[in-house]
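Visitor: One structure follows; several queries about it will come next.
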2 protein chains.
Amino acid sequence: MPADVVTMDKIVSLTRRRGFVFPSSEIYGGLGSTYDYGHYGVLTKNNIRSRWFESMVQERDDIVALDSAVILNPLVWEASGHVEGFTDPLVDCRTCKLRFRADRLEDSHCGRKPSKRPGETPDCDLTEPRQFNLMFETSVGALTEEGSKAYLRPETAQGIFINFKNVLQLARRRPPFGIAQVGKSFRNEITPGNFLFRLREFEQMEMEFFVPPDDAERWHAYWIDARLAWYRGLGLRESSLRVREHGPEERSHYSLATSDIEYLYPIGWSELEGVANRGDYDLRQHTEASGTKLEYVDPDGSRYTPFVIEPAVSIDRIMLALLVDAYDEEVVEGRERTLLRLHPVVAPVKAAVLPLISKESAGMVEPARKLYEELRRHHFVEYDDAGNIGRRYRRQDEIGTPWAFTIDDVTLEDGTVTVRDRDSLAQERLPLDGVRAWLDEALERPWEPLPR
Amino acid sequence: MPADVVTMDKIVSLTRRRGFVFPSSEIYGGLGSTYDYGHYGVLTKNNIRSRWFESMVQERDDIVALDSAVILNPLVWEASGHVEGFTDPLVDCRTCKLRFRADRLEDSHCGRKPSKRPGETPDCDLTEPRQFNLMFETSVGALTEEGSKAYLRPETAQGIFINFKNVLQLARRRPPFGIAQVGKSFRNEITPGNFLFRLREFEQMEMEFFVPPDDAERWHAYWIDARLAWYRGLGLRESSLRVREHGPEERSHYSLATSDIEYLYPIGWSELEGVANRGDYDLRQHTEASGTKLEYVDPDGSRYTPFVIEPAVSIDRIMLALLVDAYDEEVVEGRERTLLRLHPVVAPVKAAVLPLISKESAGMVEPARKLYEELRRHHFVEYDDAGNIGRRYRRQDEIGTPWAFTIDDVTLEDGTVTVRDRDSLAQERLPLDGVRAWLDEALERPWEPLPR
């Protein structure tokens with residue numbers, strides 16, 4: 001279906017209906033822009049995380065893993081510039097009492113006349129902008145005075161920089177090499193929204209790649225290409241991906257150059273992943289603030305502070321892009337179906353095992369259970385015996401299950417099962433004892449999205 | 001080696017030296033009882049998490065996954081009893097200015113005379129105990145008044161309870177069924193310590209199993225047995241595991257009965273995992289506070305509030321138990337070696353590929369790289385060409401790599417490699433093109449720890 005027919009509402013509705021994503025704390029009226037992932041959401045996220053980790057760490061020589069704490073020594077955030085500079089400008093309206101991002105007034109609505117933007121009506125009375133820090137604050141220890149103040153990390157990257165020397169020494173690395181980390185980050189956004197696009201807590205996947213300064217531009221280009229290829233490998237359509245270079249005014253305080261890999265979300269082209277050249281900013285800041293030299297000393301005695309190339313993304317935004325890209329509706333033989341044409345590598349359930357008749361006495365349950373129990377030792381598969389077969393197929397379509405194996409009368413005669421393909425709806429018969437190998441192979445086959 | 005020779009210091013030293021665990025924010029003087037996991041620590045944690053998730057969710061019909069937010073609506077913690085009751089009693093000494101847990105004075109040391117405990121010296125001047133809440137507080141949104149106060153979750157369980165109805169409806173479940181969740185929890189412990197044993201932030205793996213009230217005791221017993229079996233399956237020694245039932249005075253406010261699976265850590269027998277019968281406490285509390293009925297309605301019209309059986313553990317404590325259990329030192333042919341006899345399923349690196357001579361011209365690098373690149377598509381393996389072969393073996397022993405494949409002169413002649421077994425030090429030769437299948441099989445073989 002055409003991309004512009006895939007609305008955010010349809011995605012929110014499907015993911016809610018099928019248990020991918022729930023509004024968080026719903027029975028208590030929610031908590032703005034916070035979501036809980038249900039069963040299929042968790043499985044999809046696990047697949048995204050695994051693919052990232054495999055491609056970044058397992059399948060490479062030059063990147064190692066790290067998992068640093070959420071609450072770091074607060075001096076880290078002083079040195080990184082976040083205490084000073086990780087802020088949004090806010091204005092209050094003294095009339096309607098609402099608060100707005102001063103740099104996004106054009107996207108905001110007056111509290112009295114929502115058809116106007118703040119400042120456009122005579123009774124708007126806006127304060128001067130003031131800087132509001134996006135880091136969540138807390139206190140560590142039993143004392144509550146200033147000395148115990150701490151922050152929830154707004155990015156995982158700083159946990160990597162402060163461990164640079166540990167990894168250099170213990171993992172016996174020399175530039176170019178990288179440190180990869182997956183974990184939650186927290187930002188007290190004033191205007192979060194657009195479903196999973198901007199959240200107050202989100203799961204980041206960041207990799208800091210340390211290189212000789214002269215090679216930084218080349219590696220920056222390398223990582224933009226590598227990350228684009230990775231998204232294609234997840235099945236995202238070429239036509240919905242593009243690279244956009246930041247202008248000087250939109251770059252973060254640490255960035256020498258940043259390119260966004262953008263995806264065509266229902267809200268328009270927006271950042272999926274940022275690939276930044278952070279230069280030597282962070283290592284220098286921490287060297288100065290901590291007194292620990294974060295530099296590379298070559299065996300020949302020469303020394304330098306590496307530059308850092310950083311591909312950084314959140315699993316939540318990838319999840320949203322995958323859902324949008326995979327969402328489809330079609331009419332087949334007079335019946336509507338909604339489906340997620342997810343790449344099998346990210347589909348939450350790889351295959352469904354369905355006994356045509358779920359009464360034990362029909363003899364299909366036993367072989368179906370046996371097949372299911374064999375397959376689930378290796379893959380996430382589902383056994384479903386509830387409702388008529390058409391309804392079960394439609395349920396599997398909506399959660400994006402690539403294949404369904406149906407045990408029917410013929411199975412009892414000749415030991416074959418039907419395999420149904422989610423995308424083409426083609427059906428073929430396979431010997432029961434060949435299903436495991438067939439599925440293993442099917443999961444390795446190249447997969448391409450349909451053009452839109 | 002005898003269990004009592006494995007000291008916490010030895011574990012801390014090995015894990016630091018080999019990059020499993022670093023003190024967090026070290027270049028800034030650290031942050032009490034917070035650790036960052038290095039490369040091998042991350043890989044080991046990933047293995048623990050995967051095994052838990054596979055056994056809890058993938059390999060069962062009756063448990064689904066959830067991933068709820070860290071910062072929930074604060075009403076959740078009012079209803080759960082945590083705002084009121086999740087506290088430790090503290091006393092201050094007006095003389096030495098130190099603060100102590102009132103219920104652990106016997107483990108504390110006077111600030112003036114450390115050989116005495118607080119209250120034992122004439123100049124101790126202790127205040128009355130006051131209750132200190134263990135939840136970290138923060139504020140959400142741009143306002144900082146009372147209405148925006150929020151908490152970092154001290155357990156993942158409440159995120160499960162408040163989604164009970166969603167899962168009941170959407171995952172089409174009826175008791176007995178469970179909801180499993182993995183994620184960080186945070187506790188502002190006054191006396192954290194003992195390395196990974198008690199941390200301020202830790203990664204929990206919790207499963208809430210909802211059952212008819214009359215079946216709760218039976219399911220409680222079932223889960224204690226199932227979890228014990230799971231730990232045996234990770235290779236922990238039978239002799240270092242035991243079950244201990246809580247006395248009435250040590251149970252949490254929600255618990256009808258709790259049994260700890262304890263491990264014999266260097267600090268003595270201590271909780272590894274708690275298996276609690278939470279009764280219907282949580283669902284009833286949230287029903288009352290939210291006005292949403294969290295109960296099960298049978299198709300026959302009967303209704304009840306399920307009881308909850310909860311196996312809850314942190315990955316960090318499992319990691320510590322695995323390290324303690326696996327640590328060994330021995331003298332072989334006059335040379336000392338330190339090794340981690342980890343079960344292959346949790347070992348961070350499954351195999352090392354080692355060219356005997358790392359000079360390109362010796363001809364061993366090419367087949368070694370080829371083998372390494374084939375194996376790493378399926379398993380975490382490592383290529384190591386640095387230093388003499390004995391040193392490389394010792395390095396792999398210390399990170400617990402079960403097998404090493406060495407490419408040597410004979411490989412170039414007859415296409416076989418040496419496989420060295422970490423535990424027995426036995427060596428045999430395998431055809432190069434059979435290594436992949438050999439490793440797949442070896443990873444499926446039963447594995448038993450050596451008796452201590």
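The values are calculated or read from the model by the stated rules, or taken from the named source; none is laboratory data. On a predicted model such as this, the values are computed, not experimentally measured, just so you know. A quick note on method: Cβ atoms are made from the backbone with ideal geometry, for glycine too, and the neighbour counts reach across all protein chains shown.
Visitor: Anything in segment A:53-64 that is of a type in the set (Asp, Glu) and either more than 8 Å from chain B (Cβ to nearest Cβ) or closer than 24 Å to A:GLU155 by Cα (or both)? List them, or say none. It would help to see each step written out before you state the result.
Guide: So the first thing to find is which residues in segment A:53-64 are of a type in the set (Asp, Glu), and the list is A:54, A:59, A:61-62.
Matches in segment A:53-64: A:GLU54, A:ASP62.
Visitor: Could you tell me which of the residues B:GLU360, B:GLU398, B:GLU374, B:GLU413 is more than 20 Å from B:GLY41 (Cα to Cα), of a type outside the set (Ser, Thr, Tyr) and within 12 Å of chain A (Cβ to nearest Cβ)? Explain how you work it out, then say what you get.
Guide: Details: B:GLU360 fails: within 12 Å of chain A (Cβ to nearest Cβ); B:GLU398 fails: more than 20 Å from B:GLY41 (Cα to Cα); B:GLU413 fails: within 12 Å of chain A (Cβ to nearest Cβ).
Just one listed residue meets the conditions, B:GLU374.
Visitor: Somewhere in segment B:145-152, is a residue surrounded by fewer than 19 Cβ atoms within 10 Å (Cβ to Cβ), at the interface with chain A (Cβ under 10 Å from one of its Cβ atoms) and under 29 Å from B:ASN277 (Cβ atoms)?
Guide: Going residue by residue through segment B:145-152, those that are surrounded by fewer than 19 Cβ atoms within 10 Å (Cβ to Cβ) are B:145-149.
Subset that is at the interface with chain A (Cβ under 10 Å from one of its Cβ atoms): B:148.
Then keep just the ones that are under 29 Å from B:ASN277 (Cβ atoms); that gives none.
No, that holds for no residue.
Visitor: Now for a separate question. When you go through (1) surrounded by 19 or more Cβ atoms within 10 Å (Cβ to Cβ); (2) away from chain A (no Cβ under 13 Å); (3) of a type outside the set (A, V, I, L, M) one by one for B:SER185, which number turns out not to apply?
Guide: (2)
Visitor: Give just the number: which of (1) under 25 Å from B:GLY38 (Cα atoms); (2) buried (at least 22 other Cβ atoms within 10 Å of the Cβ); (3) free of Cβ contacts under 8 Å to residues at least 24 places away in the same chain does A:THR258 not satisfy?
Guide: Here A:THR258 meets the rest and fails (1).
Visitor: If the requirement is being aromatic (Phe, Trp, Tyr), more than 14 Å from chain A (Cβ to nearest Cβ) and out of contact with any helix residue (DSSP H, G or I) (no Cβ under 8 Å at 6 or more places or on another chain), which of these qualifies: B:TYR304, B:TYR281, B:TYR296?
Guide: Values: B:TYR304 fails: out of contact with any helix residue (DSSP H, G or I) (no Cβ under 8 Å at 6 or more places or on another chain); B:TYR296 fails: out of contact with any helix residue (DSSP H, G or I) (no Cβ under 8 Å at 6 or more places or on another chain).
Being aromatic (Phe, Trp, Tyr), more than 14 Å from chain A (Cβ to nearest Cβ) and out of contact with any helix residue (DSSP H, G or I) (no Cβ under 8 Å at 6 or more places or on another chain) holds for just one of B:TYR304, B:TYR281, B:TYR296, which is B:TYR281.
Visitor: Name, by its number, the condition in (1) facing another protein chain (nearest Cβ under 9 Å); (2) surrounded by 17 or more Cβ atoms within 10 Å (Cβ to Cβ); (3) closer than 22 Å to A:LEU228 by Cα that does not hold for A:LEU90.
Guide: (3)
Visitor: Something else about it: Where residues in segment A:344-355 are crowded, with 20+ Cβ neighbours inside 10 Å and more than 12 Å from chain B (Cβ to nearest Cβ), which of them is nearest to A:ASP423 (Cα to Cα)?
Guide: Residues of segment A:344-355 that are crowded, with 20+ Cβ neighbours inside 10 Å, as a first pass: A:344, A:346-355.
Then drop every residue that is not more than 12 Å from chain B (Cβ to nearest Cβ), which leaves A:344, A:346-347, A:351-352, A:354-355.
Values: A:PRO344: 11, A:VAL346: 15, A:ALA347: 13, A:ALA351: 13, A:ALA352: 14, A:LEU354: 18, A:PRO355: 21 Å.
This residue is A:PRO344.
Let's see how each residue does on (1) modelled with pLDDT of 95 or more; (2) out of contact with any strand residue (DSSP E or B) (no Cβ under 9 Å at 6 or more places or on another chain); (3) within 22 Å of A:ARG227 (Cα to Cα):
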{"residue": "A:SER25", "(1), (2), (3)": "no, no, no"}
{"residue": "A:LEU31", "(1), (2), (3)": "no, no, no"}
{"residue": "A:THR34", "(1), (2), (3)": "no, no, no"}
{"residue": "A:TYR37", "(1), (2), (3)": "yes, no, no"}
{"residue": "A:VAL42", "(1), (2), (3)": "yes, no, no"}
{"residue": "A:LYS45", "(1), (2), (3)": "yes, no, yes"}
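Visitor: Looking at the structure I just gave you, is B:ARG218 loosely packed, with under 15 Cβ neighbours inside 10 Å and assigned to a helix (DSSP H, G or I)? Show your work before the answer.
Guide: Numbers: loosely packed, with under 15 Cβ neighbours inside 10 Å: yes; assigned to a helix (DSSP H, G or I): yes.
Considered against the rule, which asks whether it is loosely packed, with under 15 Cβ neighbours inside 10 Å and assigned to a helix (DSSP H, G or I), B:ARG218 comes out as yes.
Visitor: Can you tell which of B:SER24, B:SER13, B:SER50 is free of Cβ contacts under 8 Å to residues at least 60 places away in the same chain, hydroxyl-bearing (Ser, Thr, Tyr) and within 8 Å of another protein chain (Cβ to nearest Cβ)?
Guide: Working: B:SER13 fails: within 8 Å of another protein chain (Cβ to nearest Cβ); B:SER50 fails: within 8 Å of another protein chain (Cβ to nearest Cβ).
B:SER24 is the lone residue from the list that is free of Cβ contacts under 8 Å to residues at least 60 places away in the same chain, hydroxyl-bearing (Ser, Thr, Tyr) and within 8 Å of another protein chain (Cβ to nearest Cβ).
Visitor: While we're here: Please work out which residue is farthest from the chain's Cα centre (by Cα), limiting yourself to segment A:372-393 and to residues that are surrounded by 14 or more Cβ atoms within 10 Å (Cβ to Cβ) and closer than 14 Å to B:ARG172 by Cβ.
Guide: A:ASP385
Visitor: Regarding A:GLY41, is this residue surrounded by 21 or more Cβ atoms within 10 Å (Cβ to Cβ) and within 11 Å of another protein chain (Cβ to nearest Cβ)? Write out each step before concluding.
Guide: Details: surrounded by 21 or more Cβ atoms within 10 Å (Cβ to Cβ): yes; within 11 Å of another protein chain (Cβ to nearest Cβ): yes.
The answer is yes for A:GLY41.
Visitor: Answer yes or no as to whether A:ARG284 is surrounded by fewer than 24 Cβ atoms within 10 Å (Cβ to Cβ), more than 23 Å from A:GLU201 (Cα to Cα) and touching a residue at least 12 places away in the same chain (Cβ under 8 Å). First the steps, then the outcome.
Guide: Working: surrounded by fewer than 24 Cβ atoms within 10 Å (Cβ to Cβ): yes; more than 23 Å from A:GLU201 (Cα to Cα): yes; touching a residue at least 12 places away in the same chain (Cβ under 8 Å): yes.
Here the answer is yes, as A:ARG284 does meet what is asked.
Visitor: So B:ASP36 ticks every box in (1) within 30 Å of A:PHE136 (Cα to Cα); (2) of a type in the set (D, E, K, R); (3) more than 7 Å from chain A (Cβ to nearest Cβ) but one. Which box is left unticked?
Guide: Here B:ASP36 clears every test but (3).
Visitor: Another question, then. Quick check on my filter: what residues within segment A:306-333 are farther than 30 Å from A:ASP215 by Cα and part of a strand (DSSP E or B)?
Guide: Listed by number, the residues that qualify are A:TYR327, A:ASP328, A:GLU329, A:GLU330, A:VAL331, A:VAL332.
Visitor: Filter segment B:12-33 down to residues that are under 17 Å from the mean Cα position of the chain (by Cα) and in a loop (DSSP other than H, G, I, E, B) and give me whichever is farthest from B:LEU342 (Cα to Cα).
Guide: B:SER33
Visitor: Continuing with the same structure: Which is under 21 Å from the mean Cα position of the chain (by Cα) and either modelled with pLDDT under 95 or not hydroxyl-bearing (Ser, Thr, Tyr) (or both), of A:GLY279, A:GLY235?
Guide: Working: A:GLY279 fails: under 21 Å from the mean Cα position of the chain (by Cα).
Among A:GLY279, A:GLY235, only A:GLY235 is under 21 Å from the mean Cα position of the chain (by Cα) and either modelled with pLDDT under 95 or not hydroxyl-bearing (Ser, Thr, Tyr) (or both).
Visitor: Going through B:PRO176, B:PRO212 one at a time, which residue ends up being out of contact with any helix residue (DSSP H, G or I) (no Cβ under 7 Å at 6 or more places or on another chain), at pLDDT 95 or above, more than 14 Å from every other protein chain (Cβ to nearest Cβ) and closer than 30 Å to A:ARG392 by Cβ?
Guide: Details: B:PRO176 fails: out of contact with any helix residue (DSSP H, G or I) (no Cβ under 7 Å at 6 or more places or on another chain).
Selected residue: B:PRO212, the only one of B:PRO176, B:PRO212 that is out of contact with any helix residue (DSSP H, G or I) (no Cβ under 7 Å at 6 or more places or on another chain), at pLDDT 95 or above, more than 14 Å from every other protein chain (Cβ to nearest Cβ) and closer than 30 Å to A:ARG392 by Cβ.
Visitor: Can you tell me which residue within segment B:246-270, out of those that are part of a loop (DSSP other than H, G, I, E, B) and among the polar types (S, T, N, Q), is farthest from B:GLY193 (Cα to Cα)?
Guide: Of the residues in segment B:246-270, the ones part of a loop (DSSP other than H, G, I, E, B) are B:246-247, B:251-256, B:266-267.
Filter once more, so that each one left must be among the polar types (S, T, N, Q): B:252, B:255.
Numbers: B:SER252: 21, B:SER255: 25 Å.
Among residues in segment B:246-270 that are part of a loop (DSSP other than H, G, I, E, B) and among the polar types (S, T, N, Q), the one farthest from B:GLY193 (Cα to Cα) is B:SER255.
Visitor: I would also like to ask the following. If the Cβ limit is 6 Å and pairs must be 6+ apart or interchain, which residue in segment B:116-133 that is in contact (Cβ under 8 Å) with a residue 12 or more places away in the chain and assigned to a strand (DSSP E or B) pairs with which residue that is among the β-branched types (Val, Ile, Thr) and buried (at least 16 other Cβ atoms within 10 Å of the Cβ)?
Guide: Partner pairs satisfying both residue conditions: B:LEU126/B:VAL91.
Visitor: Hey, another quick one. Within segment B:189-201, does at least one residue satisfy the condition of being part of a strand (DSSP E or B), within 14 Å of chain A (Cβ to nearest Cβ) and within 20 Å of A:VAL182 (Cα to Cα)?
Guide: Scanning segment B:189-201 turns up at least one residue that is part of a strand (DSSP E or B), within 14 Å of chain A (Cβ to nearest Cβ) and within 20 Å of A:VAL182 (Cα to Cα).
Visitor: Do you know which residues across segment A:334-343 are in a loop (DSSP other than H, G, I, E, B) and either crowded, with 23+ Cβ neighbours inside 10 Å or polar (S, T, N, Q) (or both)? Step through it out loud before you land on a result.
Guide: Residues of segment A:334-343 that are in a loop (DSSP other than H, G, I, E, B), as a first pass: A:334, A:341-343.
Matches in segment A:334-343: A:LEU342 only.
Visitor: Now a separate question. Could you identify the single residue in B:ILE399, B:ILE318 that is closer than 30 Å to B:ARG218 by Cβ, within 32 Å of the chain's Cα centre (by Cα), surrounded by 22 or more Cβ atoms within 10 Å (Cβ to Cβ) and among the aliphatic types (A, V, I, L, M)? It would help to see each step written out before you state the result.
Guide: Details: B:ILE399 fails: closer than 30 Å to B:ARG218 by Cβ.
Selected residue: B:ILE318, the only one of B:ILE399, B:ILE318 that is closer than 30 Å to B:ARG218 by Cβ, within 32 Å of the chain's Cα centre (by Cα), surrounded by 22 or more Cβ atoms within 10 Å (Cβ to Cβ) and among the aliphatic types (A, V, I, L, M).
Visitor: Collect the residues in segment A:65-87 that are within 7 Å of chain B (Cβ to nearest Cβ) and assigned to a loop (DSSP other than H, G, I, E, B), keeping them in residue-number order.
Guide: If we filter segment A:65-87 for residues that are within 7 Å of chain B (Cβ to nearest Cβ), which is where we start, we get A:65-73, A:75-76.
Within segment A:65-87, A:LEU66, A:SER68, A:ALA69, A:VAL70, A:ILE71, A:LEU72, A:ASN73 meet the criteria.
Visitor: For segment A:99-108, check the following and say yes or no: at least one residue is among the basic types (Lys, Arg) and within 11 Å of another protein chain (Cβ to nearest Cβ). Outline the logic, then answer.
Guide: Let us first name the residues in segment A:99-108 that are among the basic types (Lys, Arg), namely A:99, A:101, A:104.
Applying the additional criterion that residues be within 11 Å of another protein chain (Cβ to nearest Cβ) yields A:99, A:101.
Yes, there is a match, as at least one residue in segment A:99-108 is among the basic types (Lys, Arg) and within 11 Å of another protein chain (Cβ to nearest Cβ).
Visitor: Does A:TYR35 satisfy the condition of being touching a Leu at 6+ places or on another chain (Cβ under 8 Å) and crowded, with 23+ Cβ neighbours inside 10 Å? Spell out the reasoning first.
Guide: Values: touching a Leu at 6+ places or on another chain (Cβ under 8 Å): yes; crowded, with 23+ Cβ neighbours inside 10 Å: yes.
Here the answer is yes, as A:TYR35 does meet what is asked.
Visitor: If you don't mind, another one. Name every residue in segment A:125-149 that is among the small types (Gly, Ala, Ser) and either at pLDDT 95 or above or under 26 Å from the mean Cα position of the chain (by Cα) (or both), in order of residue number. Even if it seems obvious, please write down each step before you answer.
Guide: Within segment A:125-149, the first condition is being among the small types (Gly, Ala, Ser), and the residues that meet it are A:139, A:141-142, A:147-148.
Passing the criteria: none in range.
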